[in-house]
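**Q** The following block contains the structure, expressed as structure tokens.
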2 protein chains.
Amino acid sequence: MERHFDEELKNLKEKLLYMAGLAETMISDSVKALVEQKEDIIDQVYKNEDEINLLQVEIDDRTIKMIALHQPAAVDLRFLVTAIKINSELERMGDQAINICQAAKELLKQPLLKPLIDIPRMAEIAGQMVKDSLDAFVQQEPELAKSVCVRDDEVDDLKDQVFRELLTYMMSDPGTIQRAMDLILISRHLERIADHATNIGEEVIFMVQGKDIRHHITEK
Amino acid sequence: MERHFDEELKNLKEKLLYMAGLAETMISDSVKALVEQKEDIIDQVYKNEDEINLLQVEIDDRTIKMIALHQPAAVDLRFLVTAIKINSELERMGDQAINICQAAKELLKQPLLKPLIDIPRMAEIAGQMVKDSLDAFVQQEPELAKSVCVRDDEVDDLKDQVFRELLTYMMSDPGTIQRAMDLILISRHLERIADHATNIGEEVIFMVQGKDIRHHITEK
């Protein structure tokens with residue numbers, strides 16, 4: 001039984017890592033479609049979204065069955081509950097990537113408003129945050145999880161920078177408003193993805209150290 | 001032991017209902033501050049946010065302890081896992097209400113761009129969705145949960161309407177861009193709150209009927 005549980009745990013970790021890989025690909029592809037002006041990349045993002053959705057249901061189900069069947073002790077139970085939460089976060093990242101694609105589709109109908117620098121940078125940081133947050137979970141590395149949370153500020157700063165820059169475009173030429181709005185929305189979807197990765201990082205720290213940093217309660 | 005578990009379950013339900021009540025109040029107050037141009041209402045929203053954050057940690061902890069201690073069978077386990085998920089959703093609604101307050105603070109520095117009709121309507125529907133989603137959970141009423149999911153479309157339509165209307169303001173007078181942007185963001189925060197309520201509704205349906213409608217998989 002013990003050995004069976006360990007195998008199931010290993011399998012669960014692999015599934016979540018695979019799901020995180022899909023989320024990372026969706027994030028980078030959705031922005032790539034925009035930057036390289038290639039609408040066909042978007043189709044692949046939608047395919048990956050279908051797969052992520054199916055995985056979410058499967059992982060949820062499997063994890064709850066593991067709890068019911070093995071009635072794990074405190075540490076393993078906390079790990080499995082964290083897995084259920086991470087599963088939701090990953091699925092929502094997929095939703096945000098789809099939101100990016102929807103705005104990108106609109107943007108691809110017209111010439112790009114400006115060369116994109118900050119938005120691809122945001123996508124790059126967010127993608128790495130996703131990867132690191134899952135590695136932190138699987139390897140139970142709170143330091144790596146903390147580094148994810150720290151990078152969230154960087155993404156927030158970029159989002160503010162994108163907003164300020166596009167606001168000046170809109171102010172000086174109302175003809176740019178629609179495209180600027182779509183770019184602002186994309187930057188916000190990327191920020192939300194970084195938030196989801198940060199949620200995972202915070203959960204991992206709580207799981208490993210028993211410290212709840214979600215609301216900075218330990219510091220109080 | 002059984003009786004003890006039932007008491008804990010009752011207590012957990014009450015805590016979640018109370019937390020949902022706080023979220024509802026935060027939603028309605030954040031929009032009220034804007035509509036009635038009263039900044040002091042915002043302070044109360046921040047106070048409620050502190051309370052929601054503490055409750056989230058407490059409920060999470062308590063629920064995991066219930067699982068560890070009582071090792072509940074399938075139905076109760078599914079209920080407790082759903083409680084953990086709902087707890088996260090409610091906390092995130094609180095975050096969104098704070099986001100509304102931040103935009104409202106900016107807006108209160110200037111005269112209102114236009115009389116607000118759709119945004120208070122969105123807040124009203126979203127607040128009712130929160131209430132109903134929690135009632136559906138506690139009373140295990142899938143029909144009520146379904147009605148929550150249906151209302152999500154109404155909120156989405158209002159969000160699109162707000163966007164289109166404010167876009168015309170921005171196009172015709174660039175001096176309105178900053179305020180229009182803040183109102184658009186508020187409408188998106190309200191939409192996110194409705195999404196969180198919808199997530200709860202979907203979880204309740206899954207819990208009660210074993211049907212996963214989160215990705216319309218049963219329909220496929």
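**Q** Under a Cβ-only charge scheme (Lys and Arg +1, Asp and Glu -1), can you give me the dipole magnitude of the protein assembly as shown about the Cα centre, in debye to the nearest 20?
**A** Charge dipole of the protein assembly as shown: 240 debye, to the nearest 20.
**Q** Working from Cα positions, state the angle (0 to 90°, nearest 10) between the long axis of helix B:177-209 and the longest principal axis of chain B.
**A** For helix B:177-209, the angle is close to 20 degrees.
**Q** What are the distances, in nm and sorted shortest first, from the label point of A:ARG164 to the label points of the same position in each other copy, with each label point placed 7 Å from Cα along the Cα-to-Cβ direction?
**A** 3.5
**Q** Under 10 Å, Cα contacts only: if you run a Gaussian network model on chain B, which one of B:VAL150, B:VAL31, B:VAL75 comes out with the highest mean-square fluctuation?
**A** B:VAL75
**Q** Axis carrying B onto A: which residue of B has the nearest Cβ, and how far, whole Å?
**A** B:GLN71, 2
**Q** With a 10 Å Cβ neighbour count serving as the proxy for reagent exposure, in which order, fewest first, do A:SER172, B:SER187, B:SER30 appear?
**A** Least crowded to most crowded, the residues run A:SER172, B:SER187, B:SER30.
**Q** Further, regarding this structure: Okay, helix-only estimate at 222 nm for chain A: each DSSP H run of n ≥ 4 adds -39500 (n - 2.57), divide by all residues, round to 500 deg cm²/dmol; what do you get?
**A** -30500 deg cm²/dmol
**Q** Taking each label point as 7 Å beyond Cα in the direction of the beta carbon, state the distances from B:ASP153 to the same residue in the other copies, shortest first, in nm.
**A** Spacings between copies for this position, smallest first, are 4.5 nm.
**Q** Here's a follow-up. Please report the Cα spread of segment B:45-125 along all three principal axes, rounded to whole Å, starting with the longest.
**A** Reported extents, whole Å, longest axis first: 57, 23, 11.
**Q** Next question, about the same structure. In the Gaussian network model of chain B, springs joining C-alpha atoms below 10 Å, which of B:MET19, B:MET171, B:MET129 carries the largest mean-square fluctuation?
**A** In this elastic network of chain B, the residue with the biggest mean-square fluctuation among B:MET19, B:MET171, B:MET129 is B:MET171.
**Q** Round to the nearest 10 and give me the degree value, 0 to 90, for the angle of helix A:142-172's Cα axis relative to the longest principal axis of chain A.
**A** 20 degrees
**Q** For B:GLU39, place a label point 7 Å from Cα along the Cα-to-Cβ direction in every copy; what are the distances to the other copies, in nm, shortest first?
**A** So the distances to the same position in the other copies read 4.8 nm.
**Q** When you have a sec, figure out the Kirkwood radius of the protein assembly as shown from all distinct Cα pair distances and drop it here in Å to one decimal?
**A** 22.5 Å
**Q** To the nearest 10 degrees, how steeply does helix B:2-35 sit against the main Cα axis of chain B, on a 0 to 90 scale?
**A** 0 degrees
**Q** Given the options B:GLN161, B:GLN37, B:GLN71, which has the most mean-square fluctuation in a GNM of chain B, springs set between C-alpha atoms less than 10 angstrom apart?
**A** B:GLN71
**Q** Can you give me the pair-distance distribution of segment B:2-209, C-alpha pairs, 10 Å bins, whole percents?
**A** Cα pair-distance distribution for segment B:2-209, in percent: 9, 33, 30, 17, 8, 2, 0.
**Q** May I ask for the net charge around A:LEU22, where only other residues with Cβ less than 12 Å from the Cβ of A:LEU22 are counted and Lys, Arg are +1 while Asp, Glu are -1?
**A** That works out to -3.
Read the figures in this text as sums done on the coordinates, not as results from a lab. Model, not experiment: these values are computed from the prediction. Methodologically, a virtual Cβ is constructed for each residue, glycine included, from the backbone with ideal geometry; neighbour enumeration extends over all protein chains shown.
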